1. Per-residue counts of other Cβ atoms within 10 Å, averaged by peptide: what ranking do you get for 164-170, 129-135, highest first?
2. So how strong a dipole does the range 107-148 carry about its Cα centre when Lys and Arg Cβ are +1 and Asp and Glu Cβ are -1, to the nearest 20 debye?
3. Taking amide H positions as placed 1.01 Å from N in the peptide plane, with prolines and chain starts having none, which residues 5 or more places from GLN126, or on another chain, fall under 5 Å of its amide H?
4. Between PHE128 and ASN28, what length comes free when the chain is fully extended (0.36 nm per residue of separation minus the Cα-Cα distance, one decimal in nm)?
5. Just name one of ASN162, SER177, LEU147: the one whose Cα is farthest towards the positive end of the charge dipole of the range 138-181 (beta-carbon charges, Lys/Arg +1, Asp/Glu -1).
6. For the pairs LYS14/LYS112; LYS41/LYS93; LYS26/LYS93; LYS17/LYS112, note any where the Cα-Cα span goes beyond 30 Å.
Amino acid sequence: MDDLIGSKIKKLRKERKLTLKQVSEKTNLSISFLSQVERLKSSITLESLKKISDALNVNPGYFFSESEKKTKSTIIRNSLNDLNSRPSSFIYKDLSKNIENPLFAPLLVMLKPGENRGSSYSHQGQEFLYVLEGTLTVLIDDEEYDLHPLDCIYLDSATPHNWINHTDADVKFLCVSSNPI
């Protein structure tokens with residue numbers, strides 16, 4: 001999956017006529033790291049992908065679609081089953097699929113035991129998290145909140161935040177975030 005993301009980053013950067021240096025300056029990520037991601041030599045965290053998405057003015061969900069976004073509606077069946085078969089410790093699936101220019105980005109996320117999405121960060125917009133399975137710890141401004149199945153939280157994404165799995169079981173949840181403008 002990271003291979004596809006790196007290729008999409010490079011294609012989008014070139015379409016926008018941006019150099020690696022310009023993207024580096026906008027994201028505070030090194031030119032070397034960005035180059036390695038684009039050349040499929042390094043994987044990327046969701047935190048870094050969010051910074052790149054903001055710099056390229058797209059929603060992070062853009063990088064997870066398997067096909068071009070075209071349709072006005074879509075049905076995704078048995079989306080949880082798909083997550084269980086992936087080996088990664090942090091798994092996310094874009095649920096907007098083929099919707100062109102979605103107003104929000106719905107992601108299905110699974111955190112393996114002991115995992116998080118990187119360090120706390122803030123970005124434009126808002127987030128809604130809804131726990132499906134397990135116990136998700138949400139860190140907001142250095143304060144931790146445990147969310148259990150069927151719990152949810154709505155937050156201003158400008159506040160530094162992070163998702164963490166402190167348990168010995170997988171955590172599955174929905175993350176719906178607004179698009180950066």
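1. Working: 164-170: 15.4, 129-135: 17.4.
Per-residue mean Cβ counts within 10 Å order the peptides as 129-135, 164-170.
2. Details: 2 positive and 8 negative charges, 52 e Å.
Dipole magnitude for the range 107-148 comes out near 260 debye.
3. So GLN126 has HN proximity to SER157, SER178.
4. 33.4 nm
5. SER177
6. Numbers: LYS14/LYS112 35 Å; LYS41/LYS93 22 Å; LYS26/LYS93 26 Å; LYS17/LYS112 38 Å.
Correct reply: LYS14/LYS112; LYS17/LYS112.
Every number here is computed from the coordinates shown, using simple stated rules; none is lab data. If you're wondering where the values come from, they're calculated on a predicted model, not measured in any experiment. Every residue, glycine among them, receives a Cβ derived from its backbone with ideal geometry; neighbour counts consider all protein chains shown.
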